[in-house]
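The values are calculated or read from the model by the stated rules, or taken from the named source; none is laboratory data. Owing to the predicted nature of the structure, the values given are computational and were not obtained by experimental measurement. Glycine also receives a Cβ, built like all others from the backbone with ideal geometry; neighbour counts cover every protein chain displayed.
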Amino acid sequence: MTVKPTILIVEDDPTLLDTLEYNLYKQGYRTLTASHGRVALTLAQEHNPDLFILDLMLPGLDGFEICRILRQKTNAPIIMLTARDDEIDKVIGLEAGADDYLTKPFSTKELIARVKAHLRRVHAIRQEIAMTGGNGRTPALSLTRITHGNLTIDLDRREAIINDAPLHLKPKEYELLVFLARNQGMALSRDLILERVWGWTNDSSRTVDVHIRWLREKIEPDPSNAIRIITVRGIGYRFEG
């Protein structure tokens, strides 16, 4: 029997909350709802949801703070909803640990597409972990490490190391680094990176640019003069070993 993914919707607009709950239920998901931040945190602790839909403006704890708290406890995808098309809100949301964001008003179909894309990625990661049999080893033909100079990416442990020191990467930072490293020397467009790492595309490159900046701060000797993640003008980025 297939277990339905659980989605926690945190939204203080009762009409939108009911709409999201109804449409996600029709898609076969198990839904939990909260209109207050502290209630959301309690539900998250009790049910360990597979994905969060989190409004930015909430009574009590706001969406930024809830996101920060959740990210300390779970790697589940967080889709943030904001009523303002303000770039600074989106950047702060990403810095707080959100994986994605939508500006109100948004299409329910687009939200569902984003939900499906993120849950597909979660499922793929869990399958990859299951293939190890829980013993930390993958099949013989599987690549378990990517090494470029003093940078090592351990795919079994899902961690990156520089000079034997583990890097503290957010889930999307890690996935972005793996994608770049696996495609060393190739010029990768922002749209392609969005599709492969986030599972969706739109007309915003800011998400990719922000995560690239964070990665450079962690893996480049001099982030202002990058030698590993190179900007390809008019296209995107290229990873050099």
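A few remarks follow.
- Only one entry of I230, I193, I146, I235 meets the criterion of being touching a Phe, Trp or Tyr at 6+ places or on another chain (Cβ under 8 Å) and either crowded, with 16+ Cβ neighbours inside 10 Å or modelled with pLDDT under 90 (or both), and that entry is I193.
- Residue check for I219: of a type outside the set (S, T, N, Q), modelled with pLDDT of 90 or more and crowded, with 16+ Cβ neighbours inside 10 Å: yes
- Residue match in region 213-225 (condition: of a type in the set (A, V, I, L, M, F, W, C) and under 26 Å from H123 (Cβ atoms)): yes
- The criterion of being touching a strand residue (DSSP E or B) at 6+ places or on another chain (Cβ under 7 Å), under 27 Å from H123 (Cα atoms) and β-branched (V, I, T) does not hold for V3.
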